[in-house]
1. Tell me which residues, restricted to region 69-121, are of a type in the set (A, V, I, L, M) and either at pLDDT below 95 or under 19 Å from D33 (Cα atoms) (or both).
2. Under 6 Å by Cβ, and 6 or more places apart or on different chains, what pairs join a residue from region 59-82 that is of a type in the set (D, E, K, R) with one that is part of a helix (DSSP H, G or I)?
3. Report whether or not E118 is surrounded by fewer than 17 Cβ atoms within 10 Å (Cβ to Cβ) and in a helix (DSSP H, G or I).
4. Confirm whether P95 is touching a strand residue (DSSP E or B) at 6+ places or on another chain (Cβ under 8 Å) and of a type outside the set (G, A, S).
5. Could you tell me whether A223 is touching a residue at least 60 places away in the same chain (Cβ under 8 Å), crowded, with 17+ Cβ neighbours inside 10 Å and more than 15 Å from A184 (Cβ to Cβ)?
6. Please verify whether region 138-152 includes one or more residues that are in a strand (DSSP E or B) and either in contact with a Pro (Cβ under 6 Å, 6 or more places away or on another chain) or under 30 Å from Q293 (Cβ atoms) (or both).
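The values are calculated or read from the model by the stated rules, or taken from the named source; none is laboratory data. The shown structure was predicted, so the numbers you read here are calculated from the model rather than taken from an experiment. For neighbour counting, all protein chains shown are included, and Cβ atoms are generated from backbone atoms with ideal geometry for every residue, glycine included.
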Amino acid sequence: MKRKLRMGMVGGGKDAFIGAIHRIAANMDGLIDIVAGALSINPEVAKDSGKMIFLPEDRTYLTYEEMIEKESKLTADKRIDFVTIVTPNFAHFAPAMLALEKGFHVVIEKPITLTLDEAKQLKKKVDETGLLLLLTHTYSGYPMVRQARAMLKQGVFGKIRKIYVEYPQGWLSKLSEREGNAQAAWRTDPKKSGKAGAMGDIGTHAAHLAEFISGLRITHLCADLNILVPGRALDDDGNVLLKFDNGAAGVLMASQVAAGEENALRIRIYGEKGGLEWAQQEPNTLLIKWLEQPTQILRAGSNGFIAPEAYLEAFANLYRNFAWHLSAKIEGRPVPPHVDYPSVDDGIRGMAFIDTVVKSGQSREKWTPFEV
């Protein structure tokens, strides 16, 4: 590719959390520039945010509709190549669909949409257009997560029997949504977040990680969802029993009221001969546990030449793979065989997970089939 890819962003203005993360990650490998944006629904915030990241005034738009429409009319050497959507859940579908209809590739935050039906509509449009869609399940970008996945794919532990994945956070231990916390306000609002709270926000990360590393698929689940902070509208805690398509059993826990916890995502997977353990708060370490041998500790970058990687770099790895794929597509080259990233199919499974967890949590039946 003889030029950088051009990105337009929807959401992610100066008052947002995740927008800056995306911009740093997209720029880290020098393959992408942000050249346009509709950064806020507030016109003044949109303009100020554009100035802060040095966007041209004529490419700082006040609505995503204006951005996508005007960018689609620019010549091929100027218009954006793809749209990154970093709005709250309820504002994912419309800009993504419009971008695809106008011929732009899409990067989108998880969960992919507000409903499973919307996710299926995006899948249909992606298939119709042949355009690319990256769903930013960040944790799949960590090198040691990729190492774990490769080892399980090689079958070094034998048949997988048990998966434990837990994601405790403590930031919603108080009724923060009524104390001026904007992130808490929309994430606990069913109209903006969807039908699930903690399970939609972080439970989907845990479920995706379990499937991504193991290569297995959830077939049934049994969920217990809780609202532990009085006055909250959506679940802030939950426990889920899992069944996988090879017969393995699993346990998933997601809580945003684990007071004192930061972002303690952890997964353990066990097979016939041994297992592994990875934790997001120690991301460059992978523990390998054997039935009849001492435990091994694998460290990313331990040869002294490869820098260890953390959250921003994991995010950047997803953007890099997406950029490599998109550049090859633009130039008509074969896609490098090592390139992969979460796609619209992962988005559909995430929305199906939310639907099934909520359905199971409301049911008196022990097991609820996982239906996509």
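1. Of everything in region 69-121, those that are of a type in the set (A, V, I, L, M) and either at pLDDT below 95 or under 19 Å from D33 (Cα atoms) (or both) turn out to be L74, A76, I80, V83, I85, V86, A99, V106, V107, I108.
2. As it stands, the answer is R79/E71, since those pairs meet every condition given.
3. On the way: surrounded by fewer than 17 Cβ atoms within 10 Å (Cβ to Cβ): no; in a helix (DSSP H, G or I): yes.
No, not satisfied.
4. yes
5. yes
6. No, region 138-152 has no match at all.
This table checks each residue for (1) at pLDDT 95 or above; (2) outside the structural domain of R146 (by TED's automatic domain parsing); (3) part of a strand (DSSP E or B); (4) more than 30 Å from A96 (Cβ to Cβ).
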| site | (1), (2), (3), (4) |
| --- | --- |
| Y270 | yes, no, yes, yes |
| W278 | yes, no, yes, yes |
| L287 | yes, no, yes, yes |
| E309 | no, yes, no, no |
| F315 | yes, yes, no, no |
| R320 | yes, yes, no, no |
| A323 | yes, yes, no, no |
| A328 | yes, yes, no, no |
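Yes/no matrix, rows are residues, columns are (1) among the hydroxyl-bearing types (S, T, Y); (2) surrounded by 13 or more Cβ atoms within 10 Å (Cβ to Cβ):
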residue: I34; (1), (2): no, yes
residue: A38; (1), (2): no, yes
residue: N42; (1), (2): no, yes
residue: S49; (1), (2): yes, yes
residue: M52; (1), (2): no, no
residue: L55; (1), (2): no, yes
residue: T60; (1), (2): yes, yes
residue: E65; (1), (2): no, yes
residue: T75; (1), (2): yes, no
